[in-house]
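Comments concern the structure below.
The values are calculated or read from the model by the stated rules, or taken from the named source; none is laboratory data. Small disclaimer: the values here were computed from a predicted structure and weren't measured. Glycine gets a Cβ as well: all are built from the backbone with ideal geometry, and neighbour counts include every protein chain shown.
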C-alpha cells in the first residue's frame, strides 16, 4: 500500500511537492533557529563561566551586592585557608582565586613620562601554581598572538587590540594605576610578555591578565581575592549538581550578621544567566509550537486547495463505494509520507547548515564594538541531540494535523449529491 | 521726645549693624586666618575604613594658594610617595615604580591614599572668598562656641562643591563645621573640627574629621602634629625634579 501511495504522490507532484516544500522549510527553520540560539546561549554561558562566574563563585556578601563595581575593599580575606578547605571538602571541583580590577594602564617613555594611557580592566589569576588550570580554562595558549605567556612575576598579558592602541611592545613596562584594597592609589609596574586575542569585544578593548600574587601585591591585598571560582572537573555546567553545592557551602559559611562572610552562587544565580537559560528553553518550545500551529494552518489550507483540486477524484471514489473513513485514512497516510519526506529534508538541511556554522561561526565583531557582554565575537551554532528531533516530529505532526482538518470535508459530501455533481 | 526715640532707634540699628558683619567679611576673615605666605606642617591621617584603620604621616610645604608639596613619611608602603601641586596641575610620584604621574580629569576625583579626601580637594583654592559668594544665614552654637552660619555658593559652575555651609567661630573666625554639597543639593562631604590650637596668633584646627558621606567607613581624622608659618621654603621644592629626589 505504501508503495502505491508513494507512486501516487510522485506521479501527482501537485499533491506532494508543495506540502513537502512547506514542511521542509518549517523543519529547516526550526532546526537552524534552535541550533543557532543554543550555540549563542551556550557561548554566552561559557564565556561568562570562563571569565566571570565560574560554575560556582564565592564572594563576600558585601562584595556580591556591588560586584559590577569590582569592590576589592570588600574582597575575601584568608583566601589560602578557604581554598585549602574547599579543595579537601569538594574534591571533584577545580577551585581558583581571582581578582578583578579596573584602572589605567600607563606606558612610560624613556624619561618615565606618560607616552600612552588607557582605561583597562584586569584579571588576576593563578598562573604559576603547579595545580592551577587557569591557562587551560582561559584558553590563553591558543589566544596568544605575540610574545609568550608570563614566565615570572610582574609579567602580564595584554589584549592585542589594546596593545596596538597603546603602541606597546613585548618586554616594555606598563604601569597600572588603580586602587588598593583600602582605596588608595595603587601604582605598579608590569612587563608586557605577550598579547592575546580573547575574541570577546568587552575584553579585547582593554584587558590585562596578571598573576594573582602580583595583583595582590599591587593592590595591597595580602591573602585576599575578590572571588574564588569553582569548575566541575569535566568543565560542563550542571545546575542540578551546582545548586546543592552552593546550598551546602552557604549553610556552613554564610552568616547573616557578617557582611564579609563568604557566599557561594552558582552560574545560573549570577548575571541573570539562569533567566537566559530558562529563556532558551522557553524560546525552543515556542519555536516548535509556532511551527506546529503555523504549519498546520498552512497545510490545512493546502489540503483544502488540494481537496478542491481532487474534488472529482474523491467524489468518484466515494460514489464507487469507498468508505469515507478509508478515504480519510488514505489521505492521512499520504500526509504522513509527505510529512516524513519534508521533515527529513528540512532536518537534514538545517543540520547541515548548523554543523557548518558550528565550525565556522558568524563574525559579529563589527556589531559588538560597544558590547560589554562577555560573549564571543564569532557566534556559532551548536548541534545537540534535540536538533535532530526538534524539527522532524513537529513537521510530521503539522502535516498530519493539517490534513486531518482539511479532510473533514470528506464527511460532508452527501452520496446522493455525488452523481449530480459528477454529471455537472 | 520723638527726637529721643529716633536717636535711640538709630543707635540700636547701628549697634545691630556693628554686631552682624556680612557673609563676605566673615569669609575674608576666615581666609585671612588660614592663608599664610607659606606653611610647613607635619600631619597624621587616620583613615577609618569599613574593615580596618590605617594611619599615614606626611610632611607638607605650602606656598600661598598655588603651590604645595607633600611627602609621605609612613607607613612603609607609602613612604617616599610624593604629591606636587603647581597652580592647577597635580603630579604624584611613586617610589616603587619610579614613575611621576600627572593626575588629571576623572582621576582627580579619586581618593587620596584611601582617605575621605580626593585629589580635587587637594587642588582646591584654599581661599574660599575667591571662589564662593557668601551669605550669613544665622547663628548656632557648636560645642559651646557661638558660630556664624554661612551659606556659600560657587561663583563658577565647574567646581567640585557648588554649595557649602560653614559654621564659623564668631571669635576666632575658624570654621568648626562644614558641609559640602553638589549642585543638585546632595550632601557630599562633612568636616567637623574636634580640637583647635593657637599658633603664631592664629587659631588653627588641630584635629578634624572628614567624612565622605557617599563612602562607607567612619571618615578620615586629620591631625596637625606641627605647623610653622612663614618659614622660608627653597624654590626647588616646588619643582617636578624634587619628586624623584
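For this structure, a couple of remarks:
- Test for residue B:66: is it closer than 25 Å to residue B:129 by Cβ and in contact (Cβ under 8 Å) with a residue 12 or more places away in the chain: yes
- Some residue of the stretch A:88-103 being in contact (Cβ under 8 Å) with a residue 40 or more places away in the chain and assigned to a helix (DSSP H, G or I): no
- Put simply, of B:191, B:243, B:187 the only residue that is surrounded by 12 or more Cβ atoms within 10 Å (Cβ to Cβ) and within 16 Å of the chain's Cα centre (by Cα) is B:191.
- Only strands (runs of 3 or more DSSP E) whose full extent lies in the stretch B:80-175 are considered here, and the ones with at least 2 residues that are surrounded by 17 or more Cβ atoms within 10 Å (Cβ to Cβ) and within 11 Å of another protein chain (Cβ to nearest Cβ) are B:89-94, B:99-103.
- Selected residue (only one of A:33, A:44 is in contact (Cβ under 8 Å) with a residue 60 or more places away in the chain, over 23 Å from residue A:134 (Cβ atoms) and assigned to a helix (DSSP H, G or I)): A:33
Conditions (1) away from chain A (no Cβ under 14 Å); (2) touching a strand residue (DSSP E or B) at 6+ places or on another chain (Cβ under 6 Å); (3) in contact (Cβ under 8 Å) with a residue 60 or more places away in the chain; (4) assigned to a strand (DSSP E or B), marked per residue:
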residue	(1), (2), (3), (4)
B:32	yes, no, yes, no
B:36	yes, yes, yes, no
B:43	yes, yes, yes, yes
B:46	no, yes, yes, yes
B:54	no, yes, yes, yes
B:59	yes, yes, no, yes
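- Being more than 30 Å from residue B:118 (Cβ to Cβ) and within 14 Å of chain B (Cβ to nearest Cβ) is a description that does not apply to residue A:160.
- Selection within the stretch B:219-240 - within 19 Å of the chain's Cα centre (by Cα) and either free of Cβ contacts under 8 Å to residues at least 60 places away in the same chain or part of a loop (DSSP other than H, G, I, E, B) (or both): B:230
- Applying the criterion of at least 1 residues that are modelled with pLDDT of 90 or more and within 14 Å of chain B (Cβ to nearest Cβ) to the strands (runs of 3 or more DSSP E) found wholly in the stretch A:166-276 leaves A:173-179, A:185-196.
- The listed residue being within 14 Å of another protein chain (Cβ to nearest Cβ) and in contact (Cβ under 8 Å) with a residue 24 or more places away in the chain, out of A:83, A:66, A:77, A:123: A:77
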